[in-house]
Every structure is written in C-alpha cells, then in structure tokens.
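Input: a single structure, listed below in structure tokens.
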Amino acid sequence: MNKEKLKVDPIKNGTVIDHVTAGKALKVADILNIGNSTKEIMIGLNLSSKKMKKKDIIKVENREISKEEANSIALISPTATLIIIKNYKVVKKFGIDIPKEIKQHIICPNSHCITNLEQVKTRFILAGKNPIEVRCAYCEKKYFIDEVKFSF
Amino acid sequence: MKHLISMQDVSTKDIMKLIDLADKIENKKINVDMTGKLAALLFFEPSTRTHFSFETAVKKLGGNTFSMSGTNSTSVKKGETLSDTLMTISMYADLIVMRHIIEGAARFAAETVDVPVINAGDGTNQHPTQAMLDLYSIKKTQGTLENLTIGLIGDLRLGRTVHSLSQALSDFNTKFYFASPSHLQMPKYITDDLDKKGIHYQELEDIKEVMHELDIMYVTRIQKERFAVLEDYEKVKDSYIITKKLLEGVKNNFKVLHPLPRVNEITTEVDNTKYAYYFQQAKNGVYMRQAIITELLNLKY
C-alpha cells in the first residue's frame with residue numbers, strides 16, 4: 001500500500017476508484033465521463049496489487065461518484081471499489097453491484113439477432129456472476145462478458 | 001399473459017392453466033366466442049403446418065384471419081422496416097401471430113405494437129406454441145407432467161422445439177435422455193440450466209439401451225444438409241431411425257412424439273402401433289392454440 005502511495009499522490013476531496021480491472025481504467029474513465037472533465041485526474045495502469053496481482057486506479061479531484069454511476073462500470077470492472085474522500089479522510093467506501101438488467105451498452109454478438117437489424121436498443125439479463133454471463137433479452141443467446149463488445 | 005414470446009416467460013402455473021383450457025375446449029366443456037375478432041398471421045418465413053394450425057384454431061373459435069406467407073409480394077420487399085410493417089398491421093388486427101427468421105423478432109414485435117403477439121417461431125430461438133402443444137400431448141397421454149422419463153432424439157443442437165421443451169419440462173422433475181450424433185448434441189446453455197436446477201440427464205449416442213425406461217420419446221429430424229461429409233451422415237442416420245423393432249419391450253404408456261414434418265426418421269410401420277402419437281399431437285396443437293388465443297385475447301366463454 002505504501003508503495004502505491006509513492007506512485008500516486010493522495011487527493012483532498014473526491015473519489016478514488018480502486019481495484020479497477022487491469023487495463024480497463026481508460027474505459028472506466030470514458031464511461032464515467034471523467035475523461036472530458038477539467039478536474040484533476042490521476043490514472044494508474046497495471047499497478048501491483050496483493051488482491052488482484054495487477055490493477056488500475058483512478059483518482060478524481062472534487063467529484064463524488066454516486067453508487068448508481070459506479071454500477072455502470074460493473075460489466076467491465078466488477079471488482080472496483082469506490083472510496084469517497086473528504087479533507088484527506090475516507091468518508092465512504094463501496095463496491096459495485098452488478099445490475100440484473102443492462103440496457104443498451106452491450107452489442108449482441110449474434111448477427112441474426114433483431115438488435116443488429118432493426119433500430120432497437122439492446123437489453124441483456126444477468127445470467128451468471130462468476131464469471132459474468134449475460135443473456136440477450138431478444139435472441140436469448142447467452143455470452144460470457146469477454147465475448148461481447150460494448151457501445152458506451 | 002399479454003403475449004406469448006418465449007417459454008422463459010411462461011410459469012408452471014401458466015402452463016397448467018393453458019393445458020386445462022385446451023382440455024375444456026377439446027372436450028367442449030366451454031364454448032369460446034371469437035366472433036368479430038381478426039388475427040393477422042404473418043409468416044415472414046413460410047410454414048405450411050403452423051400456419052394452417054393457427055388458421056384452423058382462429059376459425060374454430062369463430063374469428064377471422066388475414067395472412068401473408070414469405071416476403072415476396074409485401075412492403076418488406078420494398079424496404080419497409082419490420083417496425084413499420086407491424087405498426088400498420090396492428091391498426092387492422094386484434095392479434096398478431098408471427099414467424100420470422102430473425103431471432104428476437106417476436107419480442108421486438110411485442111414491444112412495438114399494442115395488440116397481443118404470439119411467436120410462431122423466431123429463427124433458431126423459440127417456438128413456444130409448439131412447446132405448449134407438446135406439453136399438452138404429454139399430459140394427455142401420461143396423465144401428468146411430473147416425474148416422467150423422456151428421451152429426446154435426433155438433432156438436438158439446432159432444433160428449437162427440443163430446447164423449449166426441455167426448458168419447460170425442467171420444472172416438472174423430468175429425467176432426460178438425449179440421443180444425438182456427437183456434433184448435434186444439446187447446446188451447453190441448455191444443459192447448464194438443467195445442471196443449475198439439479199435435473200437428471202444423460203447424453204447417449206444410442207437410445208436402444210434405455211428404451212424400456214421411457215415414458216415419451218420425442219423424435220426430431222436429422223437433416224442431411226447439417227453434415228459436411230455425406231459419409232458421416234450415412235454412418236449415423238440408422239441409429240436415429242425409429243422402427244417397430246426398436247419399440248419391442250417398451251412401457252405400456254410409452255408414446256412417440258414428433259413435431260413433424262418427418263422424412264424417414266420414424267418408419268411408417270410405427271404409425272399403426274399404439275405408441276404412435278404424432279398425428280394426434282398435431283391435432284392437439286389446434287386445441288392448444290385455441291386456448292392460447294382465448295387467454296391472450298381474454299375471450300368470453
């Protein structure tokens with residue numbers, strides 16, 4: 001933990017998104033619309049982690065990310081932990097809940113699925129948690145999360 | 001129930017209610033009145049059997065139909081979206097019955113229009129009225145859906161009827177035997193679901209050894225065109241042909257079901273045995289579809 005502190009400065013007020021799946025921080029920043037912000041942001045990629053071997057980390061100054069916002073990254077980084085900091089102190093810490101239903105962000109890999117042929121937003125149902133598995137509400141085909149593409 | 005799209009949406013309670021309704025319709029215990037109602041039978045992918053079965057069901061209830069078969073002479077050919085076609089048809093009809101080659105098309109239809117939608121087959125996905133008529137046939141012949149031993153035989157990989165049926169039966173503590181050539185086995189997502197529910201199933205290459213245990217054998221056609229090499233087809237085809245000899249020693253209550261059309265997978269000599277049930281099964285389809293229409297349109301009886 002001390003080693004990490006050396007690598008990434010602490011923040012005064014804001015949110016630390018810790019234990020982000022290694023290599024996914026830029027995507028997470030994109031989904032949470034962090035990339036377009038003018039606030040101070042620190043992103044660490046492929047840092048050592050006891051829990052995960054490798055992890056990414058994001059620190060955002062002066063923005064408190066809500067639980068609801070955080071859940072939108074569940075599919076690409078379900079292990080992430082959010083730490084809300086006020087005056088250098090941890091005031092809140094929470095994990096990610098994987099939603100039972102995911103609207104519009106997943107592209108169905110089935111080329112015969114109606115969602116790839118008509119103007120219709122995709123809808124996926126959570127079918128398994130470890131590993132994450134989702135079922136298309138339209139064509140009913142099931143996929144592991146690594147098999148699908150996203151449109152955020 | 002507003003629509004019938006997938007067996008995934010149909011509860012055990014719904015299944016029993018529809019079976020009870022089909023039974024009352026068949027035995028003329030009730031008289032359903034569909035007079036003045038119009039059903040659109042939209043077969044974007046042509047199907048003689050299911051199309052006629054629905055047409056018969058609607059007409060026997062006193063309703064009327066208009067239909068299309070294939071997309072050659074329709075606005076679809078002119079490039080109209082499915083959404084627009086469905087919206088327009090829903091302005092005329094009280095009920096839409098739809099078969100489409102695209103998977104999920106029926107769910108999309110149900111979300112697009114205000115009238116009830118019945119899925120009459122969407123690609124390789126679902127064919128819930130077939131599953132319901134199969135369940136009705138099983139209940140009629142066995143007196144129950146609980147604790148039965150059922151063999152599913154043939155092309156289990158691509159046959160949507162066997163998928164819907166095994167999903168539906170998994171709530172009734174069924175013991176399954178799956179017999180198919182190795183590359184046409186039941187898909188993993190189906191067997192995973194059975195595993196989750198703790199349902200007993202065994203995958204076999206040959207059904208012979210378990211014939212004496214079966215209450216029902218559900219046969220589907222193995223299509224020659226699914227084999228890359230004709231020799232491979234020739235090797236396995238005889239293992240999946242039901243002959244009178246194969247039926248020696250089966251249980252007294254045993255029945256053979258088949259969604260039809262058959263080609264050669266059940267020899268015609270089986271037709272005259274007490275075990276053949278596939279033509280009655282087709283007839284049961286009309287009663288079950290009458291029951292489904294009655295339920296979705298909330299028809300008076």
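Every number in this text was worked out from the coordinates using simple rules, so none of it is lab data. These figures come from a predicted structure and were not determined experimentally. Every residue, glycine as well, gets a Cβ built from its backbone with ideal geometry; the counts of neighbours run over all protein chains shown.
Summary of values
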{"item": "Cα-based equivalent ellipsoid of the protein assembly as shown: semi-axis lengths in Å, sorted from largest, via gyration tensor", "result": "50, 28, 20"}
{"item": "Trypsin sites (Lys or Arg not before Pro) restricted to DSSP loop in the range B:196-301 with at most 11 other C-beta within 10 Å", "result": "B:274, B:300"}
{"item": "Length released on extending from residue B:2 to residue B:171, taking residue separation times 0.36 nm less the Cα-Cα span", "result": "58.6 nm"}
{"item": "Other protein chain Cβ atoms within 10 Å, averaged over every residue that makes up B:122-135", "result": "2"}
{"item": "HN-Hα J in Hz across the range A:108-119 - Karplus 6.51, -1.76, 1.60, θ = phi - 60°, x for Gly and Pro", "result": "6, x, 7, 5, 8, 7, 4, 5, 9, 10, 10, 6"}
{"item": "Total charge dipole magnitude, the range B:128-282, about the Cα centre, Cβ charges on Lys, Arg, Asp, Glu only, Debye to nearest 20", "result": "400"}
{"item": "Potential lengthening between residue B:60 and residue B:241 on full extension [0.36 nm per residue; Cα-Cα distance subtracted]", "result": "61.6 nm"}
{"item": "Mean projection area, nm², convex hull over Cα of the range A:43-152", "result": "8.2"}
{"item": "Using alpha carbons only: equivalent-ellipsoid semi-axes of chain B, gyration tensor based, whole Å", "result": "33, 23, 18"}
{"item": "32 Å Cα-Cα threshold exceeded, pairs from B:13/B:251; B:60/B:140; A:12/A:54; A:39/A:93; A:24/B:197; B:13/B:59", "result": "A:24/B:197"}
{"item": "Estimated FRET transfer efficiency when R0 is 22 angstrom, pair residue B:14-residue B:298 (beta carbons, to 0.05)", "result": "0.95"}
{"item": "For A:137-149, mean number of other protein chain Cβ atoms within 10 Å", "result": "4"}
{"item": "Principal-axis tilt of helix B:160-169 within chain B, Cα atoms, nearest 10 degrees", "result": "80"}
{"item": "Mean projected area in nm² (Cα convex hull; one quarter of hull surface) for the range B:128-282", "result": "8.4"}
{"item": "Model label zone, residue A:91; criterion: amide N under 17 Å from point 7 Å along Cα-to-beta-carbon; scope the range A:43-85", "result": "A:60-68, A:82-85"}
{"item": "Table column - 3J(HN,Hα) (Hz), the range B:34-46, Karplus curve with 6.51, -1.76, 1.60, x for Gly and Pro", "result": "10, 3, x, 9, 10, 10, 8, 9, 9, 9, 4, 10, x"}
{"item": "Difference of contour (0.36 nm per residue) and Cα-Cα distance, residue A:40 to residue A:107", "result": "20.9 nm"}
{"item": "Loop sites in the range B:235-292: chymotrypsin sites (Phe, Trp or Tyr not before Pro), DSSP, at most 11 other Cβ within 10 Å", "result": "none"}
{"item": "Equivalent ellipsoid dimensions for the range A:6-48 as semi-axes, Å, which come from the Cα gyration tensor, largest first", "result": "16, 15, 8"}
{"item": "Under 14 Å from residue B:255, Cα to Cα: aspartates and glutamates that are on another chain or at least 8 residues apart", "result": "B:134, B:213, B:215, B:271"}
